[in-house]
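> Below is one structure. I have some questions about it.
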Amino acid sequence: MKKFVIASSNEHKIAEFKKMLSPFNIKVVPYKEILKDDFEIEETGTTFAENAKLKAETIAEKTKLPTFADDSGLCIKALNDEPGLFSARYAEDLGGYENAFEKLNERLNGKDSEAYFICTIALTIPNETTHIFEGRCNGFIVFPARGKTGFGYDPIFVPNGMGRTFAEISEEEKNSISHRAFAMEKLVKFLEDEEKKKESELKSKPKSTSKKEMVEEQISTPEPQKEEEVKKESKPKKKPVTQTNPMEEFIDVDVKLDSDENN
Ligand code: IMP
């Protein structure tokens with residue numbers, strides 16, 4: 001079982017990521033279980049990718065462990081893609097989601113509108129590059145809000161072809177079509193490709209020759225060597241440079257937690 005740190009304190013997101021990654025034998029560990037000091041990461045980026053990168057890199061730097069983070073939001077076309085990057089703050093500033101729904105209804109003048117959820121995931125492997133994966137879910141906004149499951153803007157968002165809001169469908173259904181699921185799918189594909197690359201590199205490495213084979217080889221090549229060749233061979237040989245797979249550390253990493261002893 002691999003363990004990756006998640007740079008988020010949003011319980012709903014953590015739960016969705018845990019569910020989505022468990023079939024791939026990946027355990028998601030919230031950063032607050034590893035770093036005891038309590039702090040929030042300020043999202044100062046101007047794009048979803050910048051914010052996700054900022055969160056993943058900050059936590060990877062502190063934990064020295066492979067870390068991923070997401071930044072997501074709801075973009076409503078008729079409102080110039082608002083609330084977008086500020087989706088969480090928009091609801092907070094208005095005193096909660098009920099008020100945010102009312103405000104959006106007012107601004108859209110009661111009309112339904114095309115919209116999409118976007119999720120950008122950044123994956124940081126310490127001392128390596130950060131990888132970015134993006135997923136979208138297209139749909140439209142409906143009023144009044146409907147449904148009880150999910151979180152945030154789920155009760156006013158109907159994904160295309162569903163006829164029900166994100167808050168009216170099951171967790172499993174949401175996790176199979178959501179923006180987060182699509183971004184996560186790309187991340188998982190990336191991990192699988194890295195693993196395949198690692199395997200094929202291992203296969204293509206020349207086999208090391210056993211002592212017995214070396215003796216047999218010497219016996220079967222009795223031709224005397226010329227003096228020049230002997231001189232050439234006695235020169236110290238350069239050590240071969242071995243290529244390491246940058247993801248090796250990431251794929252094999254196993255985070256030890258105090259809580260593991262209880263599992
Ligand atoms: P973040 O934690 O900065 O990525 O904020 C994302 C915000 O976008 C959330 O707090 C929600 O308001 C909204 N959001 C993102 N994903 C979803 C979703 O799947 N359902 C409902 N709201 C979402």
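The values are calculated or read from the model by the stated rules, or taken from the named source; none is laboratory data. Predicted, not measured: the structure shown is a model, and the values here were computed from it. Counting neighbours? That spans all protein chains shown, and the Cβs are built from the backbone with ideal geometry, glycine included.
> Considering every residue within the stretch 49-65, establish whether at least one is under 27 Å from residue 172 (Cα atoms), more than 10 Å from the ligand (Cβ to nearest atom), in contact (Cβ under 8 Å) with a residue 24 or more places away in the chain and crowded, with 21+ Cβ neighbours inside 10 Å.
Yes.
> Using beta carbons and a limit of 8 Å, which pairs, at least six apart or on different chains, have the first residue in the stretch 18-44 and in a loop (DSSP other than H, G, I, E, B) and the second one modelled with pLDDT of 90 or more and of a type in the set (Asp, Glu)?
Here the result reads 43/71, each pair linking the stretch 18-44 to a residue that is modelled with pLDDT of 90 or more and of a type in the set (Asp, Glu).
> Would you mind telling me which numbered condition in (1) in contact (Cβ under 8 Å) with a residue 40 or more places away in the chain; (2) closer than 21 Å to residue 16 by Cβ; (3) assigned to a loop (DSSP other than H, G, I, E, B); (4) touching an Asp or Glu at 6+ places or on another chain (Cβ under 9 Å) residue 149 fails?
(1)
> Still on this structure: Among the residues of the stretch 152-170, write down those that are within 18 Å of residue 83 (Cβ to Cβ) and in a loop (DSSP other than H, G, I, E, B).
Residues satisfying the conditions are 152, 153, 165, 166, 167.
> Here's a follow-up. Filtering the stretch 97-145 down to residues that are of a type in the set (A, V, I, L, M) and in contact with an Asp or Glu (Cβ under 8 Å, 6 or more places away or on another chain), which residue is farthest from the ligand (Cβ to nearest atom)? Spell out how you get there, then give the answer.
So the first thing to find is which residues in the stretch 97-145 are of a type in the set (A, V, I, L, M), and the list is 100, 104, 108, 115, 118, 121-123, 125, 132, 141-142, 145.
This time we only want the ones that are in contact with an Asp or Glu (Cβ under 8 Å, 6 or more places away or on another chain), so: 118, 121-122, 125, 141-142, 145.
Numbers: 118: 8, 121: 10, 122: 11, 125: 21, 141: 12, 142: 14, 145: 11 Å.
Filtering first and then ranking leaves 125.
> Just for the stretch 69-119: of the residues that are buried (at least 19 other Cβ atoms within 10 Å of the Cβ) and touching a Cys at 6+ places or on another chain (Cβ under 7 Å), which one is farthest from residue 21 (Cα to Cα)?
Among residues in the stretch 69-119 that are buried (at least 19 other Cβ atoms within 10 Å of the Cβ) and touching a Cys at 6+ places or on another chain (Cβ under 7 Å), the one farthest from residue 21 (Cα to Cα) is 115.
> So residue 141 ticks every box in (1) of a type in the set (Val, Ile, Thr); (2) surrounded by 16 or more Cβ atoms within 10 Å (Cβ to Cβ); (3) under 20 Å from residue 48 (Cα atoms) but one. Which box is left unticked?
Every condition holds for residue 141 apart from (3).
> While we're on this one: When the stretch 17-30 is examined, which residues are found to be surrounded by 14 or more Cβ atoms within 10 Å (Cβ to Cβ) and at pLDDT 85 or above?
17, 18, 19, 21, 26, 27, 28, 29, 30
> Also, quick follow-up: Please specify each residue of the stretch 75-87 satisfying the condition of being in contact with an Asp or Glu (Cβ under 9 Å, 6 or more places away or on another chain) and within 16 Å of the ligand (Cβ to nearest atom).
Of the residues in the stretch 75-87, the ones in contact with an Asp or Glu (Cβ under 9 Å, 6 or more places away or on another chain) are 75-78, 85-86.
Answer for the stretch 75-87, where residues must be in contact with an Asp or Glu (Cβ under 9 Å, 6 or more places away or on another chain) and within 16 Å of the ligand (Cβ to nearest atom): 75, 76, 85, 86.
> Are there any pairs with C-beta distances below 7 angstrom linking a residue in the stretch 84-103 that is at positive phi to a residue that is more than 9 Å from the ligand (Cβ to nearest atom), with the two at least 6 apart or on different chains, and if so which?
These pairs meet every condition: 84/75.
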